[in-house]
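Here the structure is laid out as structure tokens; the discussion comes afterwards.
The values are calculated or read from the model by the stated rules, or taken from the named source; none is laboratory data. Quick caveat, the model's predicted, so the values are computed rather than measured. Note that we place each Cβ from the backbone using ideal geometry, even for glycine, and neighbour counts take in every protein chain shown. These accessible areas exclude ligands, DNA and RNA; they are computed on the full protein's heavy atoms, side chains included. Shrake-Rupley method; radii C 1.70, N 1.55, O 1.52, S 1.80 Å.
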Amino acid sequence: MAPSGVNHLSQPCIYERKSRFMKWLSKLFKGGSSRGGEGGSGGGGSRNPQFIGDENMVWRAPIRSVDDRSRTEKERNELDRAIALSLAEDFKRPSGHRWQREKDKDFAGSLHDNLHPPLYPPHVPPQSHPWGYKICGGCKHEIIYGNYLGCMGSYFHPQCFCCSLCRQPITESEFSLSGRDPYHKTCFKELAHPKCEVCLRFIPTNKDGLIEYRCHPFWSQKYCPSHEQDKTARCCSCERLESWDARYISLGDGRSLCLECMESAIMDTGDCQPLYHAIRDFFEGMNMKLDQQIPMLLVERQALNEAIVGEKNGLHHMPETRGLCLSEEQTVTSILRRPRIGGHQLIGMRTHPQKLTRRCEVTAILVLYGLPRLLTGAILAHELMHAWLRLKGYRNLNPEVEEGICQVLSYMWLESEVMPGFRNMPSTSAASSSSSSSSKKGAKSNVENKLGEFFLHQIANDGSPAYGGGFRAANTAVNKYGLRRTLDHIHFTGNFPL
């Protein structure tokens, strides 16, 4: 039911009933208009204002002159008083009429604000973004419009959410996350999934869904387990497997050599002579001079194996023997002229059979051909130590003692080459400079130094009881008592000093 005194018409509502305050206000404006009309042109009277709806009002604004200041001030006071009286009257009326009084009150307040403008304009808050103030985690600029991504507690323009590896935007619905770094799934696999360094493919998972691979303990070369049975070539020097993008050189006797080891490989007996004499000088510098002239020959694998069969004494390191100190008379085929590389194999090798006659306890020293200079030198140092022990009367030593002390001399020579001055021993590189292309230039390459470190690692970590265990026991004694006292103790007791 409509409130009393209000008519609802099809036209815009005209409120016939006016509150006491509105009646007074209408009267006030009538007076203002009359006064304004007196000074206006035409002398016509103004129409009464109409209240349309419940909040709009139309009237002709009174015209005031500069001289009407006191009169205007009086009108303001009367207006304030009328507002107060109207509010007091509102509280006495039933609540059913409150909705109209509230509109009157709002209108009066608005009119009062117009007549009493503030000294400063009101603060207008800036228009807020539909989704708030956001900074792109990629470009660090504000995200103003368009799509955006939310990830890891940050927001990104779509073009700014990029893979940490390829730096291209990630547009897929799924991606990989490492820490706070996002990746394409394919890029993350490229980064984290191990690749075989032989076939250059991702290492497959085994039947249990686990990634299984082999890894060289020194070079950290990772490869599929299948390459240990698929006849993939392995370098006879550094033990690395042949990669599909780098062919090895076949030495023709079942061995292969990688290109890095090939750089300093010694190929014939004449090429090895400077290195051999340099190592003899190394022994002399340690007061272990060899007075006898012991022949040294570079031989093929088959010739070395045949010499091992004809040798009565000596322990040979399996599965590959690389050197031998002969004490029996034999005929050995040595390499007289170095072969040349033809394709991926060596060709043009020239050999010569040589009759070895025993003139002392040692007949000759044999070393495999085709090995890098540092490995050839380490083998020569080991075999020369065998010769020194026999020539100096060290008899019937057990394998751990004899092979162990020989490995110590091999290790010490390598240290003098790779780490000159480590044990206050001079390097033999200058004396053997003609034995390899790298040492001809007066200094070993980084590749050759790394090979030397590998050969040291091999000696120190050998797992055999005689060569590995014997070396570690001998090296401990030498470090504690010195080489000379250790040798004297071995000569008298046949064991290492404790």
* To do: From (1) among the β-branched types (Val, Ile, Thr); (2) touching a helix residue (DSSP H, G or I) at 6+ places or on another chain (Cβ under 7 Å); (3) in contact (Cβ under 8 Å) with a residue 60 or more places away in the chain, pick out the condition that doesn't hold for THR333.
  => (3)
* Does ASN287 count as at pLDDT 90 or above and open to solvent by 50 Å² or more (accessible area, probe 1.4 Å)? -> yes
* To do: Could you check segment 317-366 for strands (runs of 3 or more DSSP E) lying wholly inside it with 1 or more residues that are modelled with pLDDT under 80 and open to solvent by 10 Å² or more (accessible area, probe 1.4 Å)?
  => 330-337, 340-342, 345-347, 350-356
* Which of the residues spanning segment 473-498 are free of Cβ contacts under 8 Å to residues at least 60 places away in the same chain and either surrounded by 13 or more Cβ atoms within 10 Å (Cβ to Cβ) or not in a helix (DSSP H, G or I) (or both)? -> THR476, ALA477, TYR481, GLY482, ARG485, ASP488, HIS489, PRO497, LEU498
* To do: Collect the residues in segment 201-229 that are open to solvent by 60 Å² or more (accessible area, probe 1.4 Å), out of contact with any Ser or Thr (no Cβ under 7 Å at 6 or more places or on another chain) and aliphatic (A, V, I, L, M), keeping them in residue-number order.
  => LEU210
